[in-house]
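See below for the structure under consideration.
The values are calculated or read from the model by the stated rules, or taken from the named source; none is laboratory data. In this text the structure is predicted, and so the values were computed from the model without any measurement. Note that each Cβ is placed from the backbone with ideal geometry, even for glycine, and that neighbours are counted across all protein chains shown. The accessibility values were calculated without ligands, DNA or RNA, using every heavy atom of the protein model including side chains. Shrake-Rupley method; radii C 1.70, N 1.55, O 1.52, S 1.80 Å.
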Amino acid sequence: MLELISEHACFGGVQRFYSHQSEKISLPMRFSVFLPPQAREGKVPALFCLAGLTCSEETFMIKAGAQRIAAEQGLMLIAPDTSPRGANLPGEADSWDLGVGAGFYLDATEAPWDKHYRMYSYVLELYQLIVREFPVHPSNIGITGHSMGGHGALVLALRNPDLFKTVSAFAPICAPSKCPWGVKAFAAYLGSEQENWQQYDASALMEQSHMPFPNGILIDQGLSDKFLSNQLFPQAFEAACQKAQQPLELRRHADYDHGYYFISTFIEEHIRFHHRTLDGTTP
């Protein structure tokens with residue numbers, strides 16, 4: 001059952017925050033939805049927006065500045081939380097890049113994480129809830145994300161191209177099996193066997209694909225991002241796309257860093273990128 005926490009008029013539509021009991025997480029989970037004004041008249045396309053480390057279901061909606069253009073285009077926005085809350089596991093709040101706020105959009109297999117830290121399955125659970133409870137075209141749903149959420153968006157899209165018709169990302173963690181953030185999280189959540197990590201590594205998944213998104217993938221990356229050289233590895237995903245014959249627009253921007261000033265600068269272009277395909281103007 002959905003519990004409406006709050007709602008706020010926004011650009012002719014409404015910004016809402018919800019809570020519900022998650023079957024996959026076995027705890028209450030929160031998410032946010034922006035309903036554009038067109039949703040009052042019928043079903044609209046939708047975009048899942050996955051946030052990064054330390055963030056929540058509020059971060060993208062508050063900081064990205066996406067609602068204005070989403071209202072103009074008639075696009076629903078959905079943002080899940082970034083991890084379970086209230087699991088009270090030993091050590092889950094000891095560091096900012098593991099545990100609370102750092103679910104990495106995977107299904108943990110190692111104790112004590114495996115009972116609740118199932119964010120990959122949770123996003124798919126939320127997908128079904130959104131299709132069931134909100135005025136959404138189920139065949140016109142895309143996904144985007146930032147940093148850890150960019151990793152999640154790429155992985156979820158590559159593993160579920162039947163569900164997500166479009167995908168983009170801001171400064172995604174492109175090869176988590178090879179960067180400190182990913183190695184720390186994957187070892188804790190998935191164990192030491194690195195073969196098991198590949199199912200959550202976007203570059204590895206793309207290498208095994210062939211043009212999964214023929215209308216292209218859009219990635220924006222700031223060149224003043226302090227995490228670029230040792231955490232993000234967009235060049236690995238770029239090479240994998242070349243091998244997979246996957247059209248990719250990887251835009252590198254001088255001066256921009258990793259934060260929401262960067263995201264808010266280019267969010268309109270991402271909304272328009274998704275909407276071109278989701279509203280049917282691009283075959």
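Here are the numbers for the structure shown:
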| read-out | value |
| --- | --- |
| Between the range 130-171 and the range 17-75, the Cα center-to-center distance that results, in Å | 12 Å |
| Gain in span if fully extended, Arg251 to Glu133, counting 0.36 nm per residue against the direct Cα distance | 38.9 nm |
| Carbon plus sulfur fraction of accessible area for the chain, probe 1.4 Å, in percent | 49 percent |
| Accessible area per residue, Å², the chain with all protein chains present, probe 1.4 Å | 40 Å² |
| Computed lengthening from Thr109 to Asn230, 0.36 nm per intervening residue step minus Cα-Cα distance | 40.9 nm |
| Distance-filtered residues of the range 228-248 - backbone nitrogen under 16 Å, label point 7 angstrom along Met211 Cα→Cβ | 241-248 |
| Proximal lysines to Lys226, defined as alpha-carbon separation beneath 21 angstrom and excluding residues fewer than eight positions away on the same chain | Lys63, Lys178, Lys184 |
| Highest average packing first - 144-157, 169-182, 253-266, Cβ atoms within 10 Å | 144-157, 169-182, 253-266 |
| Cα-based reach from Lys24 at 20 Å (exclusive), listing lysines while leaving out same-chain residues under 8 positions away | Lys115 |
| Using a Förster distance of 51 Å, the FRET efficiency for Asn88-Leu223 (Cβ separation, nearest 0.05) | 0.80 |
